[in-house]
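The structure appears below as structure tokens.
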Amino acid sequence: MSVEAFVAWQQRQDRLHELVEGVPVPPCEDDDGGQRPAGPGHRQHHRRPSWPAARTGIATLRRPDVTVECGDLIPDSYESRTPRLVVEVLSPSTSTLDRFRKLEEYKRHPTIAYIQLGETRWPSATLYRRDGETWDTQAFETMDAAVDLPAIGATLSLVDIYDGMTFVGLREAPIA
């Protein structure tokens, strides 16, 4: 299916899908009890038909949990054309897909400067920061940590990201 055909098809659906190599794929259901990091600007987007997607291949559109775009908005577009930050919230059902396949797809997008993966089982975030043709990785594993994102003029604190969440048997984040 082409991206154009997918967009037309998606407008008739009740739930958002991703387009993966030309095939519509439904979203994974959360298996983390519905607990998601809230943080500033986080919304439940899974039923919002205008939630933008990032094109990560010729026939692939991904829908990150959070996207920050710093370019001109294109009305009625399903595609985020110049995303600068994408955030994936990891849950047991999506962790492998997010950590490997989506991460590598996002790294190939020319305008993405930051990719952040956030845990739901303990307070921890991993930031991938573009540095020319390479990517630097930084782990944030304490609630007082702050993620500096100068390319978009923002700083995110883990306290704000995980506001309202409780962690059963809270332990230190595993060492990578």
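Considering the range 140-176, the residues that are open to solvent by less than 60 Å² (accessible area, probe 1.4 Å) and of a type in the set (S, T, Y) include one that is modelled with the lowest pLDDT, namely Y162. Cβ-Cβ contacts under 9 Å between residues 6 or more apart (or on different chains), taken from a first residue in the range 143-162 that is without any contact (Cβ under 8 Å) to a residue 40 or more places away in the chain and of a type in the set (V, I, T) to a second residue that is assigned to a strand (DSSP E or B) and surrounded by 17 or more Cβ atoms within 10 Å (Cβ to Cβ), are listed as V147/Y114; V147/Q116; V147/A125; V147/L127; V147/F140; V147/L156; T155/V147; T155/L149.
Listed by position, the strands (runs of 3 or more DSSP E) enclosed by the range 10-97 that each have at least 3 residues that are within 27 Å of L158 (Cβ to Cβ) and modelled with pLDDT of 80 or more are 66-69, 83-89.
Residues in the range 110-140 that are of a type in the set (F, W, Y) and outside any loop (DSSP other than H, G, I, E, B): Y114, Y128, W135, F140.
Here W122 meets the list (1) surrounded by fewer than 21 Cβ atoms within 10 Å (Cβ to Cβ); (2) aromatic (F, W, Y); (3) touching a strand residue (DSSP E or B) at 6+ places or on another chain (Cβ under 9 Å) almost entirely, failing just condition (3).
E105 satisfies every condition listed in (1) in a loop (DSSP other than H, G, I, E, B); (2) under 20 Å from L19 (Cα atoms); (3) in contact with a Ser or Thr (Cβ under 6 Å, 6 or more places away or on another chain) except (1). Restricting attention to the range 98-116 and to residues that are hydrophobic (A, V, I, L, M, F, W, C) and more than 18 Å from P150 (Cα to Cα), the residue that is modelled with the lowest pLDDT turns out to be F100.
The values are calculated or read from the model by the stated rules, or taken from the named source; none is laboratory data. Computed from a prediction, not measured in an experiment: that's the story for all the values here. Quick reminder, even Gly has a Cβ in these numbers, built from the backbone with ideal geometry, and neighbours come from all protein chains shown. These area figures cover heavy atoms from the full protein model, side chains too; ligands, DNA and RNA do not enter into them. Shrake-Rupley method; radii C 1.70, N 1.55, O 1.52, S 1.80 Å.
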